[in-house]
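Peer 1: What follows is a single structure, and I will ask about it in a moment.
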Amino acid sequence: MLALGATIALAGVIAVADRGLRSPTSSPSPPAPAGTPAPAADPAPIASAHGEAALAFRSAETCKPCHPDIYDEWRQSPMARSVELSGWSLRASLDVLRTVGEDETIRTLCYSCHAPFARTSGSLALDTPPLHEGVSCDFCHSVRDVEVAPTLNISTAVPGEVKTGPHADARSTGHETLELPLMRRSEFCAGCHWFAWPESGMPIDWTYKQWFDSPYRTEGVQCQDCHMPLRPGRASAVATAPDRGGVRSHAFHGARDLPTLRGALALRARRDGGTAVVEIENVGAGHSIPGGGGELRELELRVTPEGGEPIVRRYDVRYFDEDGERVTGSDDGAVRFEDHAIKARETKVERISLPPSKPAKVELWFWYVTQEVADRDDAAAESVLVTSTALAPAAAKLRRGRGGSRVPSRPPAPPGPEWRAFPAPAKTHGCSPSAP
């Protein structure tokens, strides 16, 4: 760990102030060549309530002139929208904590990852630019180290004129650069994607741990290979920027990108008499599905016979108190949890009784916010249909006709393959080890 400046944030993220720091391995910035985009006006540093450890994280708008393509990708990503997507939960938690005089807890435990600028600003407001930017450029590119631990991961961020990145040959006209090999590895993501509730030790987001225990780690596939795949282009619009034959996407595609979600799951279904045999396989995610988010997210299988009610199977995470009652993962009384998610390369097989004479519809839904959580927190439930298929009625039994011939008791089902399946998922990102 770097001992630089004053520690100003705990729990999920530790940020330290940078005052004139220059690493001996950082690269001096050359003079700006002709035609270089003019940097955007630098917004005022974010006011801090932490005395001498005042921060100077900058808005992503500052980065846009030199990195327009990356900015446009990031602007539509879940990283940029982390406050928007989780704002209802953050505000609901804040309202609860205020009633017991612990409103600062929201900043320590939740803002650290969902709203790091707000976390370090001394403000609980989420609607003031650039506090609402979510996980922005300057936060990730100020990280110097991540300490990975079972219940408390610490990212050390050093805001200032030195920006970290994965390349040794990076040069910038707007700031100094520092190669950070950690940025090419999954450990970089662990600062936010392996988190347990401090009081109970219940895991809230353990996506990193799921990847760590999966075959993908031993094969050398990192989080960045799937969520930041290489695409054509360069990292900077500056004329002298290196051409590395591609640049990492900053769209951060995951469960909220439907092609990515569909590429991670395979759904197969067939009849076995009066039973539907359904297989759900995690073919493309390097972690469980659903991933992080505690009880918020859920994968749901629905099998609906014609004219009947849907039969449901759920794949999720469930928390319980000592009396066996369902509670939230952030409930201090939670003592155990059950993980029903589908692990990397795991196949879940369900056998569901159905009327043999009825066709049935098989659907796979992904819930970003389950109905139960929405009802509890006065929020909006949110889900998407991932894929579906159909099951024909079971084949009819044959009876003896005149002259001993065997005839069907009813018209047979149309011919077709034994398995009815969604088309094989496309390899949208490849998810194989690639050059940085």
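Peer 1: In segment 132-157, which residues are assigned to a loop (DSSP other than H, G, I, E, B) and within 21 Å of Lys64 (Cα to Cα)? Working first, answer last.
Peer 2: Going through segment 132-157, the residues assigned to a loop (DSSP other than H, G, I, E, B) turn out to be 134-136, 141-142, 148-153.
Within segment 132-157, Gly134, Val135, Ser136, His141, Ser142 qualify.
Peer 1: For His287, only one of the following conditions fails: (1) at pLDDT 95 or above; (2) surrounded by fewer than 22 Cβ atoms within 10 Å (Cβ to Cβ). What is its number?
Peer 2: Every condition holds for His287 apart from (2).
Peer 1: Does segment 252-270 contain any residue that is crowded, with 19+ Cβ neighbours inside 10 Å, over 30 Å from Pro166 (Cα atoms) and over 24 Å from the mean Cα position of the chain (by Cα)?
Peer 2: So far as segment 252-270 goes, yes, one or more of its residues are crowded, with 19+ Cβ neighbours inside 10 Å, over 30 Å from Pro166 (Cα atoms) and over 24 Å from the mean Cα position of the chain (by Cα).
Peer 1: Determine whether segment 300-307 contains at least one residue that is touching a helix residue (DSSP H, G or I) at 6+ places or on another chain (Cβ under 9 Å) and in a strand (DSSP E or B). I'd like the intermediate steps shown before the answer.
Peer 2: Step one: of segment 300-307, the residues touching a helix residue (DSSP H, G or I) at 6+ places or on another chain (Cβ under 9 Å) are none.
The answer is no, given that none of the residues of segment 300-307 is touching a helix residue (DSSP H, G or I) at 6+ places or on another chain (Cβ under 9 Å) and in a strand (DSSP E or B).
Peer 1: With respect to Pro393, is the statement that it is surrounded by 12 or more Cβ atoms within 10 Å (Cβ to Cβ), modelled with pLDDT under 95 and more than 25 Å from Tyr315 (Cβ to Cβ) true?
Peer 2: Judged against the criteria, Pro393 is a match.
Peer 1: Sticking with this structure for a sec: Scan segment 63-91 residue by residue and report those that are open to solvent by 30 Å² or more (accessible area, probe 1.4 Å) and either among the β-branched types (Val, Ile, Thr) or part of a helix (DSSP H, G or I) (or both).
Peer 2: Passing the criteria: Pro68, Asp69, Asp72, Glu73, Arg75, Glu84, Leu85, Trp88, Ser89, Arg91.
Peer 1: Which of the residues that make up segment 329-359 are open to solvent by less than 60 Å² (accessible area, probe 1.4 Å), in contact with a Gly (Cβ under 8 Å, 6 or more places away or on another chain) and hydrophobic (A, V, I, L, M, F, W, C)?
Peer 2: Those that are open to solvent by less than 60 Å² (accessible area, probe 1.4 Å), in contact with a Gly (Cβ under 8 Å, 6 or more places away or on another chain) and hydrophobic (A, V, I, L, M, F, W, C): Ala341, Ala344, Leu354.
Peer 1: Mind checking which pairs have a first residue in segment 345-361 that is more than 14 Å from Leu391 (Cα to Cα) and a second that is open to solvent by 50 Å² or more (accessible area, probe 1.4 Å), Cβ under 6 Å, 6 or more apart or different chains?
Peer 2: Close Cβ pairs satisfying both conditions: Glu350/Arg313.
Peer 1: Then there's this: Assess whether Pro215 counts as being more than 30 Å from Asp332 (Cβ to Cβ) and without any contact (Cβ under 8 Å) to a residue 24 or more places away in the chain. Explain how you work it out, then say what you get.
Peer 2: Details: more than 30 Å from Asp332 (Cβ to Cβ): yes; without any contact (Cβ under 8 Å) to a residue 24 or more places away in the chain: no.
So Pro215 fails the test.
The values are calculated or read from the model by the stated rules, or taken from the named source; none is laboratory data. The structure displayed is predicted, hence computed values, not measured ones. Neighbour counts are summed over all protein chains in view; Cβ atoms, including those assigned to glycine, are modelled from backbone coordinates with ideal geometry. Side chains are part of the model used for accessible areas, which takes the heavy atoms of the whole protein and leaves out ligands, DNA and RNA. Shrake-Rupley method; radii C 1.70, N 1.55, O 1.52, S 1.80 Å.
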